[in-house]
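As structure tokens, the structure follows; a few thoughts come after it.
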Amino acid sequence: MVKKSVLYTAAILVVVALPASASDTGFYIGAALGQSNIEITDFYPTLGDSLKQSSDSFKAFAGYRFLPFLAVEAGYANLGSPQGLERNVPEHPEVAEVSIKGWDAFVIGILPVSKNFDIFAKAGLYAWDTDITSVQDSEVIYDESLTGTDTAFGGGLGFWVGKNVTLRAEGEWLKVGEYSTVGFYSVGVPYTF
């Protein structure tokens, strides 16, 4: 019974969305929520430890689609502040926290599969800002802030749910200094004017 209801609801949503003629060019803005996977090695000067954690993340973006197959986009991405046990000293553990945020800019190539469905890939730059801290017994024993600009890549799917609204699922891979690549996986909603 529940399965049938879900299938009927999905079918109705698809049928309602299909007649809409997607606005395939123009200015757009949007927001997305997702999860970042951060892996950092040798970030603490005296140790060879690594930190590998996930964190809730978000971004806001704006872009312009010049042609059905070409767009440019810029945005702000906050990749969260994951924490991890850096060194397990009995009764005095050290906990590390890494905060990564910054601005990005992309050129996007789009393959319009149908009037309601796109596949896209993008390449660009991510101007990042990180804060790295290590706390032991409620005392900050290491604190460093770094900035830089590195390459960024991504790709995903876009499904038009109306003339101006897209549901977008994507993955982005952002290089952050000497750290490993940060993966950011999100679902967003761009609105085209």
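The numbers here are math on the coordinates, done by the rules we state, and not lab data. Nothing here was measured: the structure is a model prediction, and the numbers come from that model. Positions of Cβ are backbone-derived with ideal geometry, glycine not excepted, and every protein chain shown enters the neighbour counts.
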Got at least one residue in the stretch 161-178 being out of contact with any Gly (no Cβ under 8 Å at 6 or more places or on another chain), in a strand (DSSP E or B) and not aliphatic (A, V, I, L, M)?
no
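Checking the structure you have, find out if any residue of the stretch 95-112 is of a type in the set (S, T, N, Q) and assigned to a strand (DSSP E or B).
Scanning the stretch 95-112, I find at least one residue that is of a type in the set (S, T, N, Q) and assigned to a strand (DSSP E or B), so the answer is yes.
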Give me a count of the residues in the stretch 114-136 that are within 14 Å of Glu172 (Cα to Cα) and hydroxyl-bearing (Ser, Thr, Tyr).
1
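Specify which of the listed residues (Ile141, Ile132, Ile108) is surrounded by 15 or more Cβ atoms within 10 Å (Cβ to Cβ), among the hydrophobic types (A, V, I, L, M, F, W, C) and either out of contact with any Gly (no Cβ under 8 Å at 6 or more places or on another chain) or farther than 30 Å from Pro68 by Cα (or both).
Result of the check over Ile141, Ile132, Ile108: Ile132.
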Specify which of the listed residues (Gly156, Gly75, Gly80, Gly171) is without any contact (Cβ under 8 Å) to a residue 40 or more places away in the chain, under 18 Å from the mean Cα position of the chain (by Cα) and over 22 Å from Phe27 (Cβ atoms).
Gly171
